[in-house]
1. Rounded to two decimals, what ratio of Rg to Rh does segment 75-196 give with C-alpha atoms and a Kirkwood Rh?
2. I need the phi-derived Karplus couplings for segment 37-53: 6.51 cos²θ - 1.76 cosθ + 1.60, θ = phi - 60°, integer Hz, Gly and Pro marked x.
3. Around Lys118, under 15 Å between beta carbons, what's the net of Lys plus Arg minus Asp minus Glu among the other residues?
4. For a 23 Å ceiling on Cα separation, which of these pairs sit above it: Lys75/Lys228; Lys203/Lys274; Lys118/Lys219?
5. With labels modelled as points extended 7 Å from the Cα through the Cβ direction, what inter-label distance (nm, one decimal) is found for Asp190 paired with Lys203?
6. How big is the accessible area of Lys70 in square angstrom, nearest 10, if you roll a 1.4 angstrom probe over the protein chains?
7. Which residues' amide hydrogens lie under 5 Å from the amide hydrogen of Ala37, considering only partners 5 or more residues apart or on another chain, with H built in the peptide plane?
8. Under a Cβ-Cβ cut-off of 13 Å, what is the net charge of the residues other than Thr168 that fall near it, where Lys and Arg count +1 and Asp and Glu count -1?
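The values are calculated or read from the model by the stated rules, or taken from the named source; none is laboratory data. On a predicted model such as this, the values are computed, not experimentally measured, just so you know. Glycine gets a Cβ as well: all are built from the backbone with ideal geometry, and neighbour counts include every protein chain shown. Each accessible area value is taken on the protein alone, full model and side chains, heavy atoms only, with ligands, DNA and RNA left out. Shrake-Rupley method; radii C 1.70, N 1.55, O 1.52, S 1.80 Å.
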Amino acid sequence: MKKFYFLMALFMLFASSAIAETKDSEFALFKRNISPAMMWGEDGLMLVPKANTMGKGNLYLSSNVLDAGKIQDQKLYLISGSIMLSTSEDVELGYTRRVFIWDDGDYTNVNMDTYHLKARIFHLADNYIPQVSVGVNLVSIAANDFSKQNDILYNPYAVATIRIPVGTEQFVINATGVVEEIYNEGESIDPMFSGGVDIRILKHIYLLGEIQGVDKDGKNGIINVGAKVKIGWFSLGAGMFNITRDSIENKKEDSSNNNRYWMANFSFEIPFNKLLK
């Protein structure tokens, strides 16, 4: 039961702040991780979805690890695991489990389950013309229990992505914009806006940057940056979460906090459509 009740109170604070107006330090950790653990730079940036899908007959397993700081001087990590399947060229669906883990490997028994659906509704061409998708994340903050409405978040969104090859397919730039809302018990916060750019180099290296969760007043967005290497079916990425807040807080706090916001991603893709040909 190590610090369990303290952590439960913290977790519920993140959940309730998704509906109420709070300062970004309370809001960030929970809301920023509703989306699935995507394949960075492919069907999503890092925490921001893209309009692209994985293509018919592809399945992938992906995991994110986020350094969630310390509670009473003990390190805490938020671990996300997803399984996603493309049922057609334009539809993805999947499931994600999230759990807080202490640095000694003990689970907190506080977890979140999310079901995902994304459908591409506009796709005239792969390049230069934006693709548009709509999606929804259905979230239980009570261990896959969807019986209580106050424990359920409903997160619809719309996303557009434009793909621009520079010279050849060896250097490709994608720009993405997202608008989304979060509903709980029929009430919602104001729409939020996110976006970013990913650059693919030599088909194996991805550079990623995003701003997430900007409100109607242009505030409360956070900036994440990262990079990924893909070899065959495997991908490995690393990045920094909320780099702007990190730099502000480091002016006020001891420099030992400099590493609080790192994140990592691992993905494994199985292209059944190619294997079965």
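1. Reported Rg/Rh, Kirkwood definition of Rh: 1.06.
2. 6, 7, 7, 3, x, 10, 8, x, 7, 10, 10, 10, x, 10, 6, 4, 10
3. Its environment carries a net charge of -3.
4. Flagged as over cut-off: Lys75/Lys228; Lys118/Lys219.
5. 4.6
6. Using a 1.4 Å probe on the heavy atoms, I get roughly 130 Å².
7. Sorted by chain and number, the residues that satisfy this are Ser82.
8. Result for the neighbourhood of Thr168: +1.
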